[in-house]
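Written below as structure tokens is the structure these notes are about.
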Amino acid sequence: MSLGEAGNAPTLERIDLELSDPSQLGSVRDWLRAVPGIEVTTTAGEPGPGELGGTDTLSIIASSAGLISAIKVLPDIIRARRVGFQIKTEVRGKPFELNAANVEELLPVLERLLDE
């Protein structure tokens, strides 16, 4: 999602991260907030039909360079969590599911998408 306007200001984009373990939302948010040049917020999830609650997500808002910096810390975040921890996201319309087995392979793909 493009949030900036034409001119000298960099165009801001947003990516949302959905964690497989919602109890990790606060610690992952804190870890990402240490990355310079990005804004991290928590977005309440909308419950689906018949559900009591939705899945909260983390929204990262930054320039493409800021998003790349945030994405580069995701392998460390994933490795620091329990086995099976995953992060789902969508970058420029392409869905990704990151986990310990594939994060190193997907990192260059995500960087290329954000560099376009």
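Loop-only check: which trypsin sites (Lys or Arg not before Pro) in segment 1-94 are DSSP coil with at most 14 other Cβ within 10 angstrom?
When the trypsin sites (Lys or Arg not before Pro) of segment 1-94 are filtered for loop state and at most 14 Cβ neighbours within 10 Å, ARG82, ARG92 remain.
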Mean-square fluctuation check for the chain, GNM, Cα pairs under 10 Å: which of LEU52, LEU106, LEU32 is largest?
LEU52
Quick one: helix 103-115 against the long Cα principal axis of the chain, what's the angle to the nearest 10°, folded into 0 to 90?
30 degrees
Connecting every pair of Cα atoms under 10 Å apart in the chain and solving the GNM, the largest mean-square fluctuation among PRO47, PRO22, PRO36 falls on PRO47
Directionally averaged shadow of the chain, computed from the convex hull of its alpha-carbon atoms, nm²:
7.9 nm²
Using amide H atoms built 1.01 Å from N in the peptide plane, name the residues 5+ places from VAL91, or on other chains, whose amide H lies under 5 Å from its own.
PHE96
Running a GNM on the chain with Cα contacts under 10 Å, which residue among GLY53, GLY84, GLY26 ends up with the highest mean-square fluctuation?
GLY53
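Show that you can apply the helix-only estimate: for the chain, add -39,500 (n - 2.57) for every DSSP H stretch of four or more residues, divide by all residues, and state [θ] at 222 nm to the nearest 500. Walk me through the numbers on the way to the answer.
Working: 4 runs with 37 residues, N = 116.
So the calculated ellipticity at 222 nm is -9000 deg cm²/dmol.
We did not get these values from a lab; they are worked out from the coordinates using the rules stated. Quantities reported herein were computed from a predicted structural model and do not represent experimental measurements. Counting neighbours? That spans all protein chains shown, and the Cβs are built from the backbone with ideal geometry, glycine included.
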